[in-house]
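The values are calculated or read from the model by the stated rules, or taken from the named source; none is laboratory data. Predicted model only: the values in this text are computed from it and were never measured. Here Cβ is always computed from backbone atoms with ideal geometry, including for glycine, and neighbour counts include all displayed protein chains.
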C-alpha cells in the first residue's frame, strides 16, 4: 500500500506472548527499555505489579503500527509512542 494522506495505508497486527515478554523484559534492563520505549511510556505504565503487561500491550501496539506502515528501515519502533486514551483504546504517535 502507498502512503496517502487521510487514508488507511496498511493494516498491522501483533500479539505478544506475555511469558516470553516477561522473560526478556522482566529485569527491566535500562538499555533494552530505552531502545523500545520512550521515557513517557515508561512513566505512564506506573510501577504496579502489572507494569510488564502494560508494556507488552504498548509493544504490541507499536509493532502493529510499524507493520501497518510497511516496516523496513524508514520507520523505527523507538521513534513512535503508544499511549492509553483512558477508555481502553490506544493512541500511537509517530515522530521524525
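Selection of first residues in region 1-26 that are over 30 Å from residue 49 (Cβ atoms) and of second residues that are exposed (fewer than 10 other Cβ atoms within 10 Å of the Cβ) and at pLDDT 90 or above, restricted to Cβ pairs under 7 Å at least 6 apart or on distinct chains, gives an empty result. The residue that is modelled with the lowest pLDDT, among those in region 1-20 that are surrounded by 10 or more Cβ atoms within 10 Å (Cβ to Cβ) and under 13 Å from the mean Cα position of the chain (by Cα), is 12.
When you scan region 60-72, do you find a residue that is modelled with pLDDT under 85, over 15 Å from the mean Cα position of the chain (by Cα) and exposed (fewer than 10 other Cβ atoms within 10 Å of the Cβ), even just one? Yes.
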